[in-house]
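Student: Please read through the structure below; I'll follow up with questions.
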Amino acid sequence: MSNSLLDIKGLKTYFYTDDGVIPAVDGVDIKINKGETVGIVGESGCGKSVTSLTAMQLTPGKVVEGSITFDGKDILSLSDKELREIRGNEMAMIFQEPMTSLNPLFTIGNQISEAIRIHLKYDKKKAKERAIAMLRKVEIPRPEEVVDDYPHQLSGGMRQRAMIAMAMACNPKLLIADEPTTALDVTIQAQILDLMRDLKETSNTAIMMITHDLGVVAEMCDRVIVMYAGKVVEQADVKTLFKDPKHPYTQGLLKSVPSIESMEKRLYSIKGNVPIPGSLKGGCPFAPRCDFAMDICREKEPILKDVKEEHLVSCFLYELDKEEAINHVTATR
Ligand SMILES: Nc1ncnc2c1ncn2[C@@H]1O[C@H](COP(=O)(O)OP(=O)(O)O)[C@@H](O)[C@H]1O
Ligand SMILES: [Mg+2]
């Protein structure tokens, strides 16, 4: 039996706008195994959200190339009805802003119960009981009362918990969490992450954790995928990525993480900005911002290759022989 749950291959999702074509996702491979938590990181605008929305078939963008297999099913060939059966059931999503998934016109209980009734075929009474149990599981106080509250009656942190309860109510195989704690203050953020970790351990749900916060990745993820300008630029297990980042972009992201020491110094930030998709003319998309860029980086695009087992990077530095690389890096420092 295959261990693979989500397998995205060579995905390109483009937007066709009046101002031209926006290649938001431009050749991405992402694999997530059953029960695994994979972090997708990168600055804003790198294509993280569009990648995940494409996996759920919820983006207005057009898939121009590639394939998406979820639990053996070819997502791109499913009907709307088949997709609705998967969404919220086998594949659920939580967002930064809970009101994106909560409907202000219905009570919390109604919304959670509805998913349970549709997907698990529970009757009304049993569905409400399960909704209350889910609210209790996400540690919402007085769940018997909150179940009859409307979203606006809850605080931001409680709404986030209610959204997680709804997403987890049908025991999804995959939870896509897109910046789930970004809008919350640090204490509540830590509580929500604890909660997600517990849920993951008890239900063996795989998580695609989209975040620009490397602290969240360090705490939650088994493996990390770094995206830049619609492409994967590095991929490794979490320990390797933090200990031995290879891509200059990943190194820059890691240097931008605040730590006790760096609080005193000015926080490092990668020079320049994420390019507007479609504005690049060949070469490595990171070359204009890279301290180590060579002539070849401006001419040819690197491809993702193994530098070690299970550690992939797309960067020409790792195609130089060792001595050349050391000389080059020393000269540019
Ligand atoms: N509906 C849309 N129409 C046009 N462009 C879009 C749309 N959604 C996203 N984009 C563009 O696609 C790129 C990737 O966006 P996104 O995946 O949201 O980035 P991230 O989640 O990494 O911050 C951005 O340049 C963004 O402006
Ligand atoms: Mg996003």
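Per-residue answers, yes or no, for (1) open to solvent by less than 50 Å² (accessible area, probe 1.4 Å); (2) not in a loop (DSSP other than H, G, I, E, B):
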| site | (1), (2) |
| --- | --- |
| K9 | no, yes |
| T13 | yes, yes |
| M93 | yes, yes |
| L105 | no, no |
| G109 | yes, yes |
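Student: Given the residues L280, L199, L195, L254, which is the only one that is part of a loop (DSSP other than H, G, I, E, B) and out of contact with any His (no Cβ under 9 Å at 6 or more places or on another chain)?
Tutor: The conditions single out L280.
Student: For region 54-72, how many residues are within 16 Å of ligand 2 (Cβ to nearest atom) and either farther than 22 Å from E85 by Cα or open to solvent by 40 Å² or more (accessible area, probe 1.4 Å) (or both)?
Tutor: Residues in region 54-72 being within 16 Å of ligand 2 (Cβ to nearest atom) and either farther than 22 Å from E85 by Cα or open to solvent by 40 Å² or more (accessible area, probe 1.4 Å) (or both): 2 in total.
Student: Please specify each residue of region 83-98 satisfying the condition of being more than 16 Å from ligand 2 (Cβ to nearest atom), over 13 Å from L53 (Cβ atoms) and touching a Lys or Arg at 6+ places or on another chain (Cβ under 8 Å).
Tutor: I86, E90, listed by residue number.
Student: For region 27-49, which residues satisfy the criterion of being away from ligand 2 (no atom under 16 Å from the Cβ) and either closer than 21 Å to S203 by Cα or open to solvent by less than 50 Å² (accessible area, probe 1.4 Å) (or both)?
Tutor: Hits for region 27-49 are G27, K31, I32, N33, K34, G35, E36, T37.
Student: I need the full set of residues from region 49-75 which are in contact (Cβ under 8 Å) with a residue 40 or more places away in the chain, of a type outside the set (A, V, I, L, M), more than 11 Å from ligand 1 (Cβ to nearest atom) and outside any strand (DSSP E or B), in order please.
Tutor: Selection gives D71, G72.
Student: Still on this structure: Could you tell me whether I22 is away from ligand 2 (no atom under 14 Å from the Cβ) and open to solvent by less than 30 Å² (accessible area, probe 1.4 Å)?
Tutor: no
Student: For residues that are at pLDDT 90 or above, open to solvent by 10 Å² or more (accessible area, probe 1.4 Å) and away from ligand 1 (no atom under 13 Å from the Cβ), tally how many sit in region 175-196.
Tutor: Number satisfying all stated conditions: 0.
Student: Going by the conditions given, is K200 more than 16 Å from ligand 1 (Cβ to nearest atom), under 22 Å from G88 (Cβ atoms) and open to solvent by 70 Å² or more (accessible area, probe 1.4 Å)?
Tutor: no
Student: It is to be established whether one or more residues within region 239-255 are within 16 Å of ligand 2 (Cβ to nearest atom) and farther than 28 Å from T17 by Cβ.
Tutor: Looking through region 239-255, at least one residue is within 16 Å of ligand 2 (Cβ to nearest atom) and farther than 28 Å from T17 by Cβ.
Student: Just one of A325, A331 is assigned to a helix (DSSP H, G or I) and loosely packed, with under 11 Cβ neighbours inside 10 Å; which is it?
Tutor: Testing whether each residue is assigned to a helix (DSSP H, G or I) and loosely packed, with under 11 Cβ neighbours inside 10 Å leaves just A331.
The values are calculated or read from the model by the stated rules, or taken from the named source; none is laboratory data. None of these values were measured; they are calculated from a predicted model. A quick note on method: Cβ atoms are made from the backbone with ideal geometry, for glycine too, and the neighbour counts reach across all protein chains shown. Keep in mind that these areas ignore ligands, DNA and RNA; they rest on the heavy atoms of the full protein, side chains included. Shrake-Rupley method; radii C 1.70, N 1.55, O 1.52, S 1.80 Å.
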